Amino acid sequence: MIRRRILLVEDNPDDESLTQRALRRGDWGAEVSVAHDGAAALEALNTMTELPDLVLLDLKLPKLDGAEVLRQIRDNDRTRRLCVVVFTSSGEPRDIALCHGLGCNSYVVKPVAYESYVSTVQQIGTYWLTLNETSLHQN
């Protein structure tokens, strides 16, 4: 079984806890690393020996916002092909357009209700960790 890795970029402790709980419910056995601000996310990506299979990126972050993190991920030869899902509370059309313009793979608005939130995270995990084919780890 391939070991899956996720980088969760989330500054809200409640959302972090809920997302981690939902990810543990999945069947992926994923190793989850957490960055609590945009600068820490970029530092983590630059120092990881093995890149994550999925980056779950909140948009509203301290130090560097999610859009800037996404911009820098896409501008870096090492990280540009990462699967990045913007997972945020903002449903603003300008935020959605900005992130798609910067190259996010998907933009998902966080549901408010607990069960919907958990279900959404599990659907994201199922798609990006099991159904999606990537060339990221291939020679």
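The values are calculated or read from the model by the stated rules, or taken from the named source; none is laboratory data. The model shown is predicted, which means the values in this text are computed figures rather than measured ones. Cβ placement follows ideal geometry from the backbone for every residue including glycine, while neighbour counts extend to all protein chains displayed. Heavy atoms of the whole protein, side chains included, go into the accessibility calculation; ligands, DNA and RNA do not. Shrake-Rupley method; radii C 1.70, N 1.55, O 1.52, S 1.80 Å.
Quick rundown of the values:
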read-out	value
Selected residue (only one of Arg25, Arg3 is touching a residue at least 40 places away in the same chain (Cβ under 8 Å), open to solvent by 40 Å² or more (accessible area, probe 1.4 Å) and either more than 22 Å from His100 (Cβ to Cβ) or in contact with a strand residue (DSSP E or B) (Cβ under 8 Å, 6 or more places away or on another chain) (or both))	Arg25
Cβ-Cβ under 6 Å pairs, at least 6 apart or on other chains, the range 63-83 side on the phi > 0 side of the Ramachandran plot, far side modelled with pLDDT of 95 or more	Lys63/Asp37; Lys63/Gly38; Lys63/Ala39
Residues within the range 75-133 that are of a type in the set (A, V, I, L, M), open to solvent by 90 Å² or more (accessible area, probe 1.4 Å) and under 24 Å from Glu31 (Cα atoms), tallied	1
Search result, residues across the range 28-56 that are open to solvent by less than 20 Å² (accessible area, probe 1.4 Å), without any contact (Cβ under 8 Å) to a residue 60 or more places away in the chain and either touching a Ser or Thr at 6+ places or on another chain (Cβ under 8 Å) or of a type outside the set (A, V, I, L, M, F, W, C) (or both)	Gly38, Leu45, Pro52
